[in-house]
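What follows is a single structure, written as structure tokens, with notes after it.
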Amino acid sequence: MVEKSRSSAGYPKNLRFYADVLLRALFLLIVFNLLYAALSPGPLLARISAYNLLFPGRLRLPYGENPERDYNMSLSSLEAMFASHEISGKPKSASEFRVVLIGDSSIWGFLLPPEQTLAAYINEAEIELPDGRAVHAYNLGYPVMSLAKDLLILSEAMAYDPDLIIWPVTLESFPEDKQLSHPLLQQNPDKVRALNEKYLLDLDVQSPGQIQAPFLNDTIIGSRRSLADLLRLQLYGVMWAATGIDHEIPEVYIPRQEDLPADTNFHNIPGPAFNTSDLAFDLLFTGQRIAGQVPVILVNEPIFLSQGRNSHIRYNFFYPRWAYDDYRQHLSTLSRENVWVYIDLWDAVDKDQFTNSAIHMTPEGTRQFARLLIESIIEIAGSSAPALE
Amino acid sequence: MTLVQILVFIAFTLLVRWLCPRHWRGWFVLGGSLLAVFWLQPSTPVRNLDFWLPAASIALTVLTWAVIRPAETSRRVPWVTGMILIAGSFLTVGLLRYLPGLCCLTPSRPPQLIQIIVAVAVILVLFTLVFRFSPGKNWVSTAGIGLLIILFVILKSPALAGLASSGLRGVQGQSADLATFTDLPWLGFSYLAFRLIHALRDFQTNKLPPVSLKEFSVYALFYPAVTAGPIDRLQRFLPDLRGATQTEAIEDTIQGSERIFFGIMKKFVLADSLALISMNSQNAIQANSTIWMWVLLYAYAFRLYFDFSGYTDIAIGLGRLAGIRLPENFDKPYSKPDLTAFWNSWHITLAQWFRAYFFNPLTRSLRTRYRAAPAWSVILIGQLSTMILIGLWHGITWSFFAWGAWHGSGLFIHNRWVEWRRSRSPAVESHPSGSKISGFLGGLVTFNFVLLGWVWFAMPDPDMALVVFLKLFGR
């Protein structure tokens, strides 16, 4: 029989008592961790969100390089990202023509406030279709240049019943080595693997970043960072609601490069033309398959055209001329052969309307881009025939 | 303190408490405290200052002890051991620059060894001079208090701190153009200075017990409390250190661990989460509605409380592991029914310090000198000046001045209200339900008064504070 002696403060002094408490605590810790790992409630927890409830839904997916100033953050849970977005806020009504935009940072709106992105300008036009439906565009761009990332987001977006998908792309999203390099793809290996298997893709799912995480990573302890991220995203919702800011736009930034290096390589490919295996054109087919019956407008997005040093061999910092010309040719041919709706807007925006990179645009540049897209939206939405080119 | 530092302190304290013979514990705690002062020091852009600032903390401590030392110390030699330990800590930290695997305890590489040896020699010379010639000379302790206040004013006033940084940068051969007032983050100086002033002042009034150099250094630089207090009194600290009031190690370990756990939760979970949505000079301008401005302000108020009281819990818990009961600094301050009660439960040790060394002597002096002056005027001057000084303790800026004046005025108004109510409606006070209602209303008013006061505290200048007030009230 254990003697239950107590100190003046009421604390039992017996060492065995404390050992007992510690053992029980350890037992419960192990049980809860194993249960968590077995049940994998992560995606379910990620869908619990105060956005669209206490705070307005975000106008674009969460992304932040400097969370304290952006009031926004990057995280890996697609469920949480979508749950915080306005698209999760309400089911589509009969009077809504739902347009989703996927793509890279120029679509997300890098260096632009949320009300001056491509989607925002489309909404600003208040397009009403002949059948009375109002066009509402949702910004589902994300600042990563990878077609595989676009597919990942598109496959999630399909649950929100879009009527039209606008998919702006640029050559930098096509190289094979860029497809799975971003943490967003590496931290969603199950989803990437599922896409790979379902659509028989050629993604390197055996790369180190895509290896199945060990069991311990599924426990509460292993998932502590992603759980903390979910909480932080909710807290930043307060700041989003209070300020309407989701991206810090510095007053001064380093402008896109006008004078270019005398280098004609593109991702170590010397040219003068791509091999079929150099670029992931196959992912465009997958995008069309994911979209199914929903029309897709494939857009070659505007780029900055330099007139500085070495501009005779390069268009801009990203692209040697041969590479970009060859890519455009391929994209055009593929679209024609497969009867895809394709718009090539590569030179549609004035060179002065680019900010810190060859694809990021000023509000005015984005507005020019939006105007051109609006024409296509009206045309596509008004008729089912995909014949824009 | 980071989580890693807290874990190291827990391990060190438990080792000392459980494995060290009792008569050696004090020395180990002193050794740990001396190294912790260097380890906890934040980095600074002024070269080597992250070594010299903690070194100066130790130097000020030993010099203060030389002033307040017991008269019979000259016949003993324990101070010699203490001095060797202190000089040894300088050299140990300095020598780490030559051990690539262990370098460095300070945020950047310590200065050359020869500079450290010269510094130790200078401190020893100063120490010997003060040790030999201070007994019987009251002006030395007064000069000590003056020096600490001057240092305090320099560090806390942006203009002077900027000038000091320029000077120090010049000495180190760095550009003075880049000097800013944030260049001098002297770890825990506000708390150290108040401990030292307390010792010097109590020495002047013969209230100080005899204390050895080892004991005094542990008191002033005790590693759990060196960063953010509490500001203990030597008379209370000594019996614990000497083991006179020591409880059983197992009980201290359990209660200390419990306290540290709650402290970590408060600081690293609650406060750090609330920090993301707390009002600051950036988001106060960006907030676009009254309701959200209030939300940011509420978040700031609770973040401040959880952050500071969390640190205090960790300090008290670590102290408890070592067998030393540090004083409480918070007692549910936001639930108090009036402002006086709030100030008896918010940063208690600082308020007690000011009460003992400023408010009480001032009001006593005013009452003695100006017997004809009405009581309310003495209270007004006493409370306003005390609270303004408490404000300026945080930094010598107009914002902290305004925050102090806000609370000083509040305390005075509360004092007058209590007097008025006592004379007019004693029946309401004595009735149980009347007392409950007035307690609830008082709590509501007090909390919101304190809450609005944080606007002065959080904003860098009064103009911005006024902008926030306008937003809070819908303008």
Problem - Proximal lysines relative to B:Lys214, as straight alpha-carbon distance under 24 Å, when same-chain residues fewer than 8 apart are discounted - result: B:Lys137
Handout entry: Packing-based ranking, highest mean first, of A:61-71, B:57-67 given that Cβ atoms within 10 Å are counted
Key = B:57-67, A:61-71
Fill in the blank from the handout: HN-Hα couplings for the range B:90-99 via Karplus (6.51, -1.76, 1.60; θ = phi - 60°), in whole Hz with x for Gly/Pro, come out as 4, 5, 4, 4, x, 5, 4, 5, 8, 10
Fill in the blank from the handout: Once Lys and Arg are counted +1 and Asp and Glu -1 for all other residues with Cβ under 10 Å from that of B:Gln235, the total becomes +1
Handout entry: Contact order relative to length of chain B, as percent, for alpha carbon pairs under 8 angstrom and 6 or more apart
Key = 15
Problem - Among A:Val31, B:Val450, A:Pro255 the positive-end extreme of the charge dipole of the protein assembly as shown (Cβ point charges) - result: B:Val450
Practice task
Extending each Cα 7 Å along its Cβ direction at A:Leu231 and B:Asp463, get the distance between those two points in nm, one decimal.
Solution key: 3.9
Fill in the blank from the handout: Rounded to the nearest 500, the 222 nm mean residue ellipticity computed for chain B from DSSP H runs (n ≥ 4, each -39500 (n - 2.57)) alone is -22500 deg cm²/dmol
Fill in the blank from the handout: Semi-axes a, b, c in Å (a largest) for the range A:260-345, each sqrt of 5 times a Cα gyration tensor eigenvalue, come to 28, 14, 10
Practice task
Percent of Cα-Cα pairs per 5 Å bin, from 0 to the last occupied bin, for the range B:334-472, please list those.
Solution key: 2, 10, 15, 20, 19, 15, 11, 6, 2, 0
Exercise for the section: Considering the options B:Tyr300, B:Ser281, B:Gly256, tell which one lies farthest towards the positive end of the dipole of the range B:249-330, charges being +1 on Lys and Arg and -1 on Asp and Glu at the Cβ, about the Cα centre. Expected result: B:Ser281
Handout entry: Under-5 Å amide H pairs with A:Asn300, H placed in peptide plane, nonlocal only
Key = A:Val169, A:Ile343, A:Asp344, A:Leu345
Problem - 3J(HN,Hα) from dihedral phi, the range B:231-243, Karplus parametrisation 6.51/-1.76/1.60, rounded to Hz, x for glycine, proline - result: 8, 7, 9, 4, 4, 7, 6, 4, x, 5, 4, 7, x
Handout entry: Average partner coverage of A:234-243, which counts Cβ from other chains inside 10 Å
Key = 6
Practice task
Take the Cβ-Cβ distance between A:Gln329 and A:Ile378 as r, set R0 to 30 Å, and report the resulting FRET efficiency rounded to the nearest 0.05.
Solution key: 0.60
Handout entry: Ranked packing of B:255-264, B:216-225, A:139-148, most packed first, by mean Cβ within 10 Å
Key = B:216-225, A:139-148, B:255-264
Exercise for the section: Can you tell me the alpha carbon radius of gyration of chain B divided by the globular rule-of-thumb value 2.2 N^0.38 Å? Expected result: 1.04
Handout entry: Cα-based shape type of the range B:9-72, given that a ≥ b ≥ c are square roots of the gyration tensor eigenvalues and the cut on a/c is 1.5
Key = oblate
Fill in the blank from the handout: A correct Karplus calculation of ³J(HN,Hα) over the range A:343-353, with 6.51 cos²θ - 1.76 cosθ + 1.60, θ = phi - 60°, whole Hz and x for Gly and Pro, returns 10, 9, 10, 4, 10, 7, 10, 4, 5, 6, 9
Problem - Listed residue pairs exceeding 19 Å between alpha carbons, taken from A:Lys149/A:Lys178; A:Lys149/A:Lys198; A:Lys90/A:Lys149; B:Lys266/B:Lys436; B:Lys267/B:Lys332; B:Lys267/B:Lys471 - result: A:Lys90/A:Lys149; B:Lys266/B:Lys436; B:Lys267/B:Lys471
Handout entry: Neighbour net charge for A:Glu176 - beta-carbon separation under 14 angstrom, K R +1, D E -1
Key = -4
Problem - Under 5 Å, built H, 5+ apart or other chain: amide partners of A:Met361 - result: A:Thr355
Exercise for the section: Partner chain Cβ atoms within 10 Å, averaged over the residues of B:275-286 - can you pull that number for me? Expected result: 4
Handout entry: Amide hydrogen neighbours beyond the local backbone of A:Ile166, cut-off 5 Å, H modeled
Key = A:Val100, A:Leu101, A:Ile102, A:Ile297
Handout entry: Whether the range B:64-209 is rounded, prolate or oblate, judged on the alpha carbon gyration tensor where a/c under 1.5 counts as rounded
Key = oblate
Fill in the blank from the handout: In debye to the nearest 20, the charge dipole size for chain A, taken about the Cα centre with +1 at each Lys and Arg Cβ and -1 at each Asp and Glu Cβ, equals 1940
Completion exercise
Quick note, the range B:249-330: a/c under 1.5 would make it rounded; otherwise a/b > b/c is prolate and the rest oblate (a ≥ b ≥ c, C-alpha gyration tensor); here it is prolate
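Computed from the coordinates by the stated procedures, all read-outs in this text should not be read as laboratory data. Values in this document were obtained by computation on a predicted structure and should not be read as measured data. With ideal geometry, Cβ positions are generated from the backbone for all residues, glycine too; neighbour counts draw on all protein chains shown.
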